[in-house]
1. Which residue pairs have Cβ atoms under 7 Å apart, sit 6 or more places apart or on different chains, and have a first residue in the stretch 83-112 that is at positive phi and surrounded by 21 or more Cβ atoms within 10 Å (Cβ to Cβ) and a second that is in a loop (DSSP other than H, G, I, E, B) and of a type in the set (Phe, Trp, Tyr)?
2. Are there any pairs with C-beta distances below 7 angstrom linking a residue in the stretch 10-35 that is surrounded by 14 or more Cβ atoms within 10 Å (Cβ to Cβ) to a residue that is aromatic (Phe, Trp, Tyr), with the two at least 6 apart or on different chains, and if so which?
3. Consider Ala71 against the criteria (1) modelled with pLDDT under 95; (2) out of contact with any His (no Cβ under 7 Å at 6 or more places or on another chain): it satisfies all of them except one. Which criterion is unmet?
4. Within the stretch 36-49, how many residues turn out to be surrounded by fewer than 16 Cβ atoms within 10 Å (Cβ to Cβ) and farther than 14 Å from Ile104 by Cα?
Amino acid sequence: MPELPEVETVRRSLLPVVGERVTAVEVRERRLRRPVADDFAARLIGRVIRGIGRHGKYLLFELSGGEMLLAHLGMSGALLLQAAETPVERHDHVCLHLGSGRRITLNDPRRFGLLRVGRIE
């Protein structure tokens, strides 16, 4: 399981995407620790990433429109910032495509990761 320092390293590696818009969402495998919601893609497309924080081992993506993306890496997961032309790997379960042509990819061989979208209250 990624420990706290690794989660903070992941958060910092994703900071370059702050200010970018999610243009497409590709859910290749819904069966994670909790299944990816049916409306997951619809709630993310068009949103701008306003900030990326962390609460314990959870990553919190503040999005435009009052939405929040909550991510947990589980035991073996990774959130990777990749170029659009990077080949998709077997365990790349969810890809968030960004306006810059890059993508954020959840790679999780054991599928214990978690992705949820909710409202900021």
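1. Here the result reads none, with nothing in the stretch 83-112 linked to a residue that is in a loop (DSSP other than H, G, I, E, B) and of a type in the set (Phe, Trp, Tyr).
2. Once the first residue is surrounded by 14 or more Cβ atoms within 10 Å (Cβ to Cβ) and sits in the stretch 10-35, its partners that are aromatic (Phe, Trp, Tyr) give Val25/Phe40; Val27/Phe40; Arg33/Phe112.
3. Among (1) modelled with pLDDT under 95; (2) out of contact with any His (no Cβ under 7 Å at 6 or more places or on another chain), the lone unmet condition for Ala71 is (1).
4. 5
Yes/no per residue for (1) closer than 11 Å to Leu98 by Cβ; (2) within 12 Å of the chain's Cα centre (by Cα):
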position	(1), (2)
Arg11	no, yes
Val17	yes, yes
Glu20	yes, no
Val25	yes, yes
Glu29	no, no
Arg34	no, no
Phe40	no, yes
Val48	yes, no
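The values are calculated or read from the model by the stated rules, or taken from the named source; none is laboratory data. Just so it is clear, the structure is predicted and the values come from calculations on it, not from any experiment. We place every Cβ from the backbone using ideal geometry, glycine too, and count neighbours over all the protein chains shown.
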